[in-house]
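First comes the structure, then the notes that go with it.
What follows is calculated from the coordinates using simple rules that are stated; it is not laboratory data. Quantities reported herein were computed from a predicted structural model and do not represent experimental measurements. Positions of Cβ are backbone-derived with ideal geometry, glycine not excepted, and every protein chain shown enters the neighbour counts.
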DNA sequence: GTCTATAGCTTGATAGAC
DNA sequence: GTCTATCAAGCTATAGAC
């Protein structure tokens, strides 16, 4: 039984348990029985509250992507049209980064689920585009304002590289800890923030400034 | 039945079919029944040739990672100690990129499987580190020769961002095609090569040159 | 090396009582 | 909204004939 969810409503308990398990083993690696056992509820309840296993999966994603997208959109709208690329990238990745760092296990697990769906063709249109395209489009619009001479393709590809680096990093797979012999820590997101924004900003500048 | 594998040996046919299906739906999203049906072989044969479903999964990865790692190591060893960061990155990602582009469906599917395991904590030590750490370590060693003043952490994190951008890009999820309204094409890897090496090189320079 | 048959278990979903 | 019971289908793995 999940300590954090003992007093939460049934749908919340189900969402929390599903999120934790999906993060570790993916959509098909988890059964409704595993989820309901962890949540301490009956097997029939996920289907009652969410219609189906797929409905539950979508609900797990949507619950936090709504919050995240609001925060990102607000951060972008707080910037002037003359904002530097560093500010734009900070607005896009900052909310996700801070949630992963300070938001507890739930947000960390959510980031792991996002990394999985972002890297599989299976969920591309069904979930990724549906959930994240509006903010992505606004981010790209502002990058083009910042770099008016940039080719359209260069902006999209820069965003794509950002997306890959971001999703893998926030998923905290443990790879960099292992590879670096514990010199780097995937869970120390302040260690990350210091490096991800400059790294990606430099990439955008090189590609979008027009001066090759 | 798979046209390409009609005349191949049974283990090869099984590997090819498993690769294609794992690429789309991941390890748990695919059953031995689906694999053997696509391969046109009996249900018992994967277990005979590979011991278990997990053994088959490992074999799918290893078959091509051995080839890939040899090519990458050779490309790195062909460089002098004074090679530019662009050359180092080209040596690391070039072989994977060219295989994905010219290697046919098998290599494309392999890249999709790699993206999934690279983005899940579940396979980090078991597969990712076991298969890819040696080349990663050699790449990082050479980056540190190129940037002697760089902090250890900056080099590892730069590599991590490279890894995220690379695996998602080569997985060809279709996201950038959809997002860009078919302006960019995830399958046009020459379009990618032109942008990924500069983007990542700029990131490495910003982080590892020591001049913030 | 291949094929048939099957054991033993788990799966998602639901019908019906409360 | 919850709980029990259950269904039909699917799952991995293997034993034994050829």
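So here's what we get for this one:
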{"quantity": "Nearest-ten-degree value, helix A:85-102 long axis tilted from longest Cα axis of chain A", "calculated": "20"}
{"quantity": "Euclidean distance of C-alpha centroids, the range A:27-71 and the range A:125-159, integer Å", "calculated": "30"}
{"quantity": "Ascending list, in nanometres, of distances separating the residue A:80 label from those of the other copies (7 Å, Cα toward Cβ)", "calculated": "4.9"}
{"quantity": "Base-10 log of normalised Debye intensity for the range A:173-212 (one unit scatterer per alpha-carbon) at q = 0.30 Å⁻¹", "calculated": "-0.93"}
{"quantity": "Whether the range A:1-51 is rounded, prolate or oblate, judged on the alpha carbon gyration tensor where a/c under 1.5 counts as rounded", "calculated": "oblate"}
{"quantity": "Tensor-based shape of the range B:81-160 (alpha-carbon gyration tensor, a/c under 1.5 rounded, otherwise prolate or oblate)", "calculated": "oblate"}
{"quantity": "In degrees, nearest ten, helix B:10-25 long axis to first principal axis of chain B (Cα)", "calculated": "60"}
{"quantity": "Calculated [θ] (222 nm, deg cm²/dmol) that DSSP helices of n ≥ 4 give over the protein assembly as shown, each run adding -39,500 (n - 2.57)", "calculated": "-23000 deg cm²/dmol"}
{"quantity": "Solution diffusion estimate, µm²/s, Stokes-Einstein, the protein assembly as shown, Kirkwood Rh from C-alpha pairs, 37 °C, viscosity 0.692 mPa s", "calculated": "147"}
{"quantity": "Position residue B:52, label points 7 Å along Cα→Cβ, spacing to each other copy in nm (shortest first, one decimal)", "calculated": "3.1"}
{"quantity": "Tensor-based shape of the range A:102-146 (alpha-carbon gyration tensor, a/c under 1.5 rounded, otherwise prolate or oblate)", "calculated": "oblate"}
{"quantity": "Per-copy distances of the residue B:102 label point, shortest first, in nm (7 angstrom along Cα→Cβ)", "calculated": "5.2"}
{"quantity": "Cα long-axis angle, helix A:53-77 against chain A (0 to 90 degrees, to the nearest 10)", "calculated": "30"}
{"quantity": "The range A:62-212 - convex hull of the alpha-carbon atoms, volume per residue in Å³", "calculated": "117"}
